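We did not get these values from a lab; they are worked out from the coordinates using the rules stated. The structure displayed is predicted, hence computed values, not measured ones. Virtual Cβ from ideal backbone geometry, glycine too; neighbours counted across all protein chains shown.
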Amino acid sequence: MSAPVAVIAGAGGGGIATAASLAAAGYRLVVIDSRQEAADAAVATLGDVDARAFAVDLLDVDAVVALRERILDDLGRVDAVIHLVGGWRGGRTLSVSSVEDWQALHPPIVGTFATLTAVFGPDVKASPVGRVVMVTSTAAATPTAGNIAYAAAKSAAEAWTAGVAHFLRDSDGAAVVVAVKALLTDAMAAAEPERDWSGYTHVRDLGDAIAEVCVEPAENGSRVDLTVPTSAS
């Protein structure tokens, strides 16, 4: 049987770390981003692994359907979908700008995830190791007047994940939420070496946790909490 295939949406630090961990676990990789140069750069950091880079607008359903067909023609299967697309906007309190924040954050946080799971969901469901992973923030559980739009968008994405779990209920697949406070990269730590990064999750830890979800047995509809304080080292 051919090696499983993971589609990783998002070519930032979290996407690169997740791709590296999944490659080490034997996965073939598809890294996608809105910009081809970002996807190419992410794959280039991985070294000699079986990985492909694609640019696609995840809000364009037809484009994602076409990408799926291309992946299946090339690799024959899709087993895991990892969503690492997001964004951040916030303020001090509830105001008209909160509505503008919501309008800006809903598409990248919720819309992209909805498209990915709707298009690749049947493939994940048919896989003996099917996984859908959505990365959330603790802000979803503790919204404030200032981060109301961001928290609401993450909450909506969590609700969508629960619906995906229901879709996968009669299969071997699992939809899992991974929770962090915020993510930390080596570049961030180097730029502010005196800052207290307690509570942040290093992207390496995120990647390892997602790989574990994909490789080990996972409970459908479960949640993995990575909010334990993490060293910047």
Rounded to the nearest 20 debye, dipole of the chain from Cβ charges on Lys, Arg, Asp, Glu:
420 debye
Distance in nm between label sites at ASP40 and VAL96, each 7 Å beyond Cα in the beta-carbon direction?
4.3 nm
A correct Karplus calculation of ³J(HN,Hα) over region 111-118, with 6.51 cos²θ - 1.76 cosθ + 1.60, θ = phi - 60°, whole Hz and x for Gly and Pro, returns x, 5, 5, 4, 5, 4, 6, 5
What Rg and what Dmax come out for region 55-95 when only alpha-carbon atoms are used, in angstroms?
16.1, 49
Could you pull out which residues in region 43-59 have an amide N less than 17 Å from a spot 7 Å beyond the Cα of ALA66, following the Cα-Cβ vector?
53-59
Here the relative contact order (percent) of the chain, from C-alpha pairs under 8 Å and at least 6 apart, is 20 percent
From the phi of every residue in region 151-160, what ³J(HN,Hα) in whole Hz does the Karplus formula 6.51 cos²θ - 1.76 cosθ + 1.60 yield, where θ is phi - 60° and glycine or proline is x?
4, 5, 5, 5, 4, 5, 5, 5, 5, 4
Calculated [θ] (222 nm, deg cm²/dmol) that DSSP helices of n ≥ 4 give over the chain, each run adding -39,500 (n - 2.57)
-13500 deg cm²/dmol
Using mean Cβ contacts within 10 Å as the protection proxy, how do 180-188, 119-127, 68-76, 25-33 order, highest first?
25-33, 119-127, 180-188, 68-76
Approximate spin-label separation ALA159-ASP225, in nm, with each point projected 7 Å along Cα-to-Cβ
2.3 nm
So, by mean Cβ neighbours within 10 angstrom, what's the order for 135-141, 53-59 with the highest one leading?
135-141, 53-59
If I stretch the segment between ASP50 and SER198 completely, what's the gain in nm (0.36 nm per residue apart, minus their alpha carbon distance), one decimal?
49.8 nm
Any chance you could run the full-extension gain for GLU212 through LEU59? It's 0.36 nm times the residue separation minus the Cα-Cα distance, nm to one decimal.
52.2 nm
Treating only the Cβ of Lys, Arg, Asp and Glu as charged (+1, +1, -1, -1), what charge dipole size does region 89-212 show about its Cα centre? Round to the nearest 20 debye.
320 debye
Hz values of 3J(HN,Hα) by residue in region 15-27 - Karplus curve (6.51, -1.76, 1.60), Gly and Pro given as x
x, 5, 5, 5, 4, 4, 5, 5, 4, 5, 8, x, 7
How compact is region 132-233 by the rule of thumb for globular proteins, expressed as Cα Rg over 2.2 N^0.38 Å?
1.18
Charge dipole (region 79-233, unit charges on Cβ, about Cα centre) - positive-most of SER97, ALA189, PRO108
SER97
Treating only the Cβ atoms of Lys and Arg (+1) and Asp and Glu (-1) as charged, compute the dipole magnitude of region 35-139 about its Cα centre; round to the nearest 20 debye.
420 debye
Going by C-beta contacts inside 10 Å, put TRP160, TRP88 in order with the fewest on the left.
TRP88, TRP160
Report, in cubic angstrom per residue, the convex hull volume of the C-alpha atoms of the chain.
123 Å³
On a 0 to 90° scale, report how tilted helix 203-215 is relative to the longest principal axis of the chain, with both axes built from alpha carbons and the result rounded to the nearest 10.
40 degrees
